Amino acid sequence: MKFEKSQGKRISKISISDLLKNPAAIDNAQGKKIFVKIKEEVKKENATDIKVDFNGVKLLTTAFLNEAIGKIFLDHELKDAMGKIQLVNIGTHKDIEMLRLVIANAQNQAKQTQTKSSTTHMHNKGFSK
C-alpha cells in the first residue's frame, strides 16, 4: 500500500500488478483479492481517497473486473464510498470499454436488486403495487 498527498489530502494507492504480483488480471480469485483490499481501505477509520492503479497490468478480463470493481456497486457498505475510489492508468481503449460495460452492468444489477428489495419490503408491510 502506498500513500500520496494531493492538495493536502492523503490518498491510498492500490497497485493491482504489485498486489497480484502478476501483470495479468484475469480471474475471479484475483478480482476478489483486489475487492477485499479496496473494502479494507474504505472501512479504515481515517479513510481517504483511494486510487486503484492499473499500471503494469498487461492483460485484463471481465471476470477480474466483475469481481474487483463491479462488486463495489453491489456492496451496501461501499456504495457511498464510490466518490472516493479512482481507477487510474487503465491500459487500452478496449480495457476502458470493458470497464465501462462492467460498471454499467453492476449499476443495473444494483438498481434491480434495490427495486426487488423495495417491492418485498412493501409487500411485507401490507402494501402492494
What shape does the stretch 2-118 have by the C-alpha gyration tensor, where a ≥ b ≥ c are the square roots of the eigenvalues, rounded means a/c under 1.5, and otherwise prolate means a/b greater than b/c and oblate the rest? oblate
What is the stretch 55-105 by shape, rounded, prolate or oblate, if you read a ≥ b ≥ c off the alpha carbon gyration tensor as root eigenvalues and call it rounded for a/c under 1.5, prolate for a/b larger than b/c, and oblate otherwise? prolate
Modelled FRET efficiency - R0 30 Å, residue 18 with residue 111, Cβ distances, 0.05 increments: 0.30
Once you have the Cα-Cα distance between residue 88 and residue 74, take 0.36 nm times their residue separation minus that, and quote the gain in nm to one decimal. 2.9 nm
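Where a number appears in this text, it was derived from the coordinates with a stated rule and is not lab data. It should be emphasised that the depicted structure is a prediction, and the values quoted were computed from it without experimental measurement. Heads up, the Cβs are rebuilt from the backbone with ideal geometry, glycines too, and the neighbour counts pull from every protein chain shown.
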